[in-house]
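K.L.:
Got a structure here, written out as structure tokens. Questions coming.
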Amino acid sequence: MIGYAQQPKVNEVTKDLAWAVGLYEGEGYACVRASGNIEVGINMTDREPVERFHQIMGIGVVRVYPPIPPRKTYYRWHVTRCDEVVQVLNVLIESGYLSPRRLEQANKTLERAKEIKPRGWGGRMSVEKKRRNLEILYSLGLKERPT
């Protein structure tokens, strides 16, 4: 009897991630702003794909921008918090589907993320809050633990 190769089982999570990476490839960006802030986002004139991307990623915000004639209304999903930017870029990179161009953008943005201190870093922060912030940096790989 001739055997048939078993088809790999692709679950919905894998399909959704592949779809999201494809959308990001075509419509997305990762950047370091002139101010030094970082951002990952997608801009489109179609609402449904932007909302689906948001649902798959589970973080970020979708905003609606009214048209300036003769243009259409557009929708933007984006993240600007350092920990969220790092989380999204790691998911996209680890998928293995990013093109060299998008991978370079992601890596440049992640390099800048390593230089950013968490909000509320200075001033009258309690020792416990400083410790929690450091743990976040360690867990995201943005800071190495002292030896």
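K.L.:
Would it be correct to say that Val40 is modelled with pLDDT of 95 or more, assigned to a strand (DSSP E or B) and farther than 21 Å from Thr109 by Cα?
P.N.:
Here the answer is no, as Val40 does not meet what is asked.
K.L.:
Just name the residue that is surrounded by the fewest Cβ atoms within 10 Å (Cβ to Cβ) out of those in the stretch 26-43 that are without any contact (Cβ under 8 Å) to a residue 60 or more places away in the chain and of a type in the set (A, V, I, L, M, F, W, C).
P.N.:
Checked the stretch 26-43; the qualifying residue surrounded by the fewest Cβ atoms within 10 Å (Cβ to Cβ) is Ala34.
K.L.:
Is the stretch 80-96 home to any residue that is farther than 26 Å from Leu134 by Cα, at pLDDT below 95 and outside any strand (DSSP E or B)?
P.N.:
Yes: the stretch 80-96 contains one or more residues that are farther than 26 Å from Leu134 by Cα, at pLDDT below 95 and outside any strand (DSSP E or B).
K.L.:
Still on this structure, I have one more. Given the criterion hydrophobic (A, V, I, L, M, F, W, C), modelled with pLDDT under 90 and not in a helix (DSSP H, G or I), identify the matching residue among Ala30, Ala34, Ala5.
P.N.:
Ala5
K.L.:
Select from the stretch 49-79 the residues that are aliphatic (A, V, I, L, M) and modelled with pLDDT of 95 or more and list them in ascending order.
P.N.:
Within the stretch 49-79, Val50, Val61, Val62, Val64, Val79 meet the criteria.
K.L.:
Identify, please: which residue in the stretch 108-147 is among the polar types (S, T, N, Q) and either modelled with pLDDT under 75 or exposed (fewer than 13 other Cβ atoms within 10 Å of the Cβ) (or both) and is, among those, nearest to Tyr29 (Cα to Cα)?
P.N.:
Ranking the qualifying residues of the stretch 108-147, first place goes to Ser139.
K.L.:
Out of all the residues in the stretch 97-107, which are within 13 Å of the chain's Cα centre (by Cα) and either outside any loop (DSSP other than H, G, I, E, B) or without any contact (Cβ under 8 Å) to a residue 60 or more places away in the chain (or both)?
P.N.:
Answer for the stretch 97-107, where residues must be within 13 Å of the chain's Cα centre (by Cα) and either outside any loop (DSSP other than H, G, I, E, B) or without any contact (Cβ under 8 Å) to a residue 60 or more places away in the chain (or both): Arg102, Leu103, Gln105, Ala106, Asn107.
K.L.:
For the stretch 72-96, how many residues are more than 14 Å from the chain's Cα centre (by Cα) and more than 18 Å from Pro49 (Cβ to Cβ)?
P.N.:
Matching residues across the stretch 72-96 total 1.
K.L.:
So the check is Cβ under 7 Å with 6+ separation or different chains; which pairs have a first residue in the stretch 44-61 that's of a type in the set (Gly, Ala, Ser) and a second one that's in a strand (DSSP E or B)?
P.N.:
Listed pairs, sorted by first residue: Gly60/Trp77; Gly60/His78; Gly60/Val79.
The values are calculated or read from the model by the stated rules, or taken from the named source; none is laboratory data. A quick note: this is a predicted structure, and the numbers were derived from the prediction, not measured. Neighbour counts are summed over all protein chains in view; Cβ atoms, including those assigned to glycine, are modelled from backbone coordinates with ideal geometry.
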